[in-house]
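Worksheet: the structure to be examined is printed underneath.
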Amino acid sequence: MGNIRIFLRFFDCLFMLIAVLFSSVFAETEVKITARIIADEVPLNREVHLKVSATWNGPANSIKFFPLDPPTTTNLKLASTATANIVKSDSGIVSSTRQYEFLFTGETLGMAYIDEVILRYHDADLQEHVLRTARLPLKIIDPVRDSGGKSIEQISIALILTVGIAAASFFFFYKRKRAAREVENATPEKSYYEKALDDLHNKINLQTSDIGSQYAEISRIMWHFLRRRFDLQPAVGTTEELMKKLEFHHVPMEDRTALQEMMQACDLAKFSGGGTDPNQLVRIYEITKQLVEKLENKANLDSAD
């Protein structure tokens with residue numbers, strides 16, 4: 001009799017254990033849903049962040065969710081969406097979370113609303129369930145400055161400074177140019193006589209070894225002076241033609257003879273490849289300088305008469 005009683009107690013315990021196991025396997029899995037926005041006041045140039053989370057105990061594949069449509073909104077425009085699954089285990093208990101993230105941008109300043117989010121899913125028994133969140137209000141406020149960009153005020157100030165600097169630079173350049181023009185106009189232009197003497201003094205180097213180039217420069221200076229002094233036409237280009245013109249203008253014979261010697265020495269150095277006697281160069285230089293002075297003095301005397 002005692003053995004039968006022990007057997008019945010063992011059978012009762014086994015039955016209760018099996019009942020508990022079956023009830024845990026076939027029990028309905030509870031899914032909890034939450035929805036929240038990161039901030040209740042969002043600047044117009046920032047994004048509204050809505051996070052929807054569905055959490056349950058069990059592996060991720062124990063619940064099958066239907067595609068989630070973005071919620072209906074007021075004064076908001078959908079920018080992007082994202083979905084993620086998170087699985088955790090604590091003391092042998094597995095919990096899973098399905099996260100949905102929605103980013104919106106405000107359309108105008110003022111109140112905005114996110115209507116209920118409707119989430120549908122199938123449990124392990126393929127039973128369909130529907131979860132809903134509450135309607136969420138928020139406020140779209142004035143835009144804020146971007147830390148990495150420049151504000152309208154900064155851009156305006158930079159533009160004003162740029163225009164101001166450009167105007168000041170233009171004014172300074174204009175003043176300098178005008179002052180230089182005034183100085184240039186105030187300084188009397190040198191006569192062809194003064195120009196010839198300056199060129200002889202500044203452009204002729206009696207110490208150089210390149211004697212031939214100095215002869216060529218002396219000839220150029222003298223021709224330029226004579227064309228201005230006697231108003232010679234471009235057709236006059238040889239020493240013989242020059243002598244005839246000077247005779248026509250009543251230039252004294254000794255001056256014409258000295259000029260002819262000077263021109264022949266320059267031509268000889270030019271066509272022979274350059275002179276070699278520095279003393280001869282000094283002599284031709286002095287003759288040229290004296291001729292310029294004498295012919296200019298004669299012009300002054302003629303104008304006085």
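No value in this document is a laboratory result; all are computed from the given coordinates. All of these numbers come straight from a predicted model, not from anything done at the bench. Positions of Cβ are backbone-derived with ideal geometry, glycine not excepted, and every protein chain shown enters the neighbour counts.
Could you identify the single residue in 222, 243 that is touching a residue at least 40 places away in the same chain (Cβ under 8 Å) and of a type outside the set (D, E, K, R)?
222
If you scan segment 30-42, which residues turn out to be crowded, with 16+ Cβ neighbours inside 10 Å and assigned to a strand (DSSP E or B)?
Result: 33, 35, 37, 42.
Looking only at residues that are of a type in the set (Val, Ile, Thr) and assigned to a loop (DSSP other than H, G, I, E, B) in segment 223-277, which one is surrounded by the most Cβ atoms within 10 Å (Cβ to Cβ)?
Within segment 223-277, the match that is surrounded by the most Cβ atoms within 10 Å (Cβ to Cβ) is 251.
Look through segment 98-134, keep the residues that are touching a residue at least 60 places away in the same chain (Cβ under 8 Å) and in contact with a His (Cβ under 8 Å, 6 or more places away or on another chain), and return whichever of them is surrounded by the most Cβ atoms within 10 Å (Cβ to Cβ).
121
Which of the residues spanning segment 63-88 are farther than 26 Å from residue 41 by Cβ and part of a strand (DSSP E or B)?
64, 65, 83, 84, 85, 86, 87, 88
Please go through segment 110-141 and pick out each residue that is outside any strand (DSSP E or B) and over 20 Å from residue 51 (Cβ atoms).
Of everything in segment 110-141, those that are outside any strand (DSSP E or B) and over 20 Å from residue 51 (Cβ atoms) turn out to be 123, 124, 125, 126, 127.
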